[in-house]
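Data block below; observations after.
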Amino acid sequence: MTLYQPFLDYAIALLQERLDLAPYPIPMGFESKSAIVGKGKHQNEVLTTSYGYQAPKLRQIRAAHVQGGSALQVLNFVIFPQLNYDLPFFGADLVTLPGGHLIALDMQPLFRDDAQYQEKYTQPILPIFESYKPHLPWGGDFPAEAQPFFSPAFLWARPQQTDVVETHVFAAFKDYLQAYLTFVEQAEPITDTQTLKKIEQAQLRYLHYRAEKDPARGMFTRFYGSEWTEEYIHGFLFDLERKLVVAKE
Ligand code: DBV
């Protein structure tokens, strides 16, 4: 049972069709990782596979796919634009746990409260958001400190039924990704020094938050140990800081 494989397949095919796609390096030992967890008849393999691409305007496109049986499936898929574009991040966190599904889907803004920014990158996707809201009602409890990193078109839901994921969530994922790639096609490079500085700060703010608060840290540490987990988080999932250090050397 790999609930999110069709999402991943769709995303990669669409990226290949619409972008000039190149591979993004995945550090050795992180392309694929597996562990046997649980005891007796509850034993299960948990397999985590990683995918990395880049494109002219997109610094890193990466996915982590966790497959651990019907009660543990995750697809975490994020697109990090180059620092000379004001594009939002594409962020999908699709999580299936024993208690149900947890769905986070958004174009995460660099500047949450900037009216012009919202006009440019949120307004156009509000109709898509509104069309899914009836099927994917607000998921409730949400860390307040994460609020600044999400747009008003943030889809956040905790559907109980798997068929809701296979239908509405999959359709929303496709629509958001298509709309995102349209933004990418239209994006023009930023040259103003002041704006470039703000973009770098906003990217680092986002990156620090996600690396520090990664909700998967506990799970990965239990499965694969803390050394592997920290390197996976800082060396692949949220690697901007390391790449900046290298670039400035
Ligand atoms: N989340 C990640 C990565 C994951 C991952 C890289 C590869 O950022 C999985 C795996 N997310 C994951 C798992 C859980 C969540 C939960 C396994 C369940 C954790 C648990 O219950 O044990 C959106 N993801 C969540 C939650 C949120 C998000 C809000 C609930 C956490 C909570 O209630 O405290 N996406 C997540 C998030 C940001 C984002 C916090 C912030 C900018 O973009």
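Report the label-to-label distance for Phe111 and Gln194 in nanometres (one decimal), using points 7 Å from each Cα along the Cα→Cβ vector.
Inter-label distance under the simple model: 1.0 nm.
Could you tell me, in Å, what Rg and Dmax come out for the Cα atoms of region 5-191?
17.1, 60
Provide the gained length on full extension for the span Leu47 to Tyr10, in nm with one decimal, where the gain is 0.36 nm per separating residue minus the Cα-Cα distance.
Roughly 11.3 nm would be gained on extension.
When the Karplus curve 6.51 cos²θ - 1.76 cosθ + 1.60 is applied with θ = phi - 60°, which whole-Hz ³J(HN,Hα) does each residue of region 178-194 get, with x for Gly and Pro?
Using θ = phi - 60°, the values come out as 4, 4, 4, 5, 5, 4, 4, 4, 7, 5, 10, x, 8, 10, 5, 4, 4 Hz.
Only residues of region 83-108 count here: report those whose backbone N is under 18 Å from the spot 7 Å along Cα→Cβ of Gln147, or say none.
The answer is 108.
Assuming a viscosity of 1.002 mPa s and a temperature of 20 °C, what translational diffusion coefficient in µm² per second does Stokes-Einstein assign to region 8-117, Rh being the Kirkwood radius over Cα pairs?
136
Only Lys, Arg, Asp and Glu count, each charged at its Cβ (+1, +1, -1, -1), so figure out the dipole size of the chain about its Cα centre, rounded to 20 debye.
Value, rounded to 20: 440 debye.
Can you list the residues, at least 5 places off or on another chain, whose amide H is less than 5 Å from the amide H of Ser151, using H built in the peptide plane?
Counting only residues 5 or more places away or on other chains, the set is Met107.
Run the simple label-point estimate for Arg217 and Lys248 please: 7 Å along Cα→C-beta, distance reported in nm.
Roughly 2.3 nm, to one decimal.
Values in this text are rule-based calculations from the coordinates and carry no lab data. What you are looking at is a predicted structure, and each value in this text was computed from that prediction instead of being measured. Backbone-built Cβ (ideal geometry, glycine too); neighbour counts: all protein chains shown.
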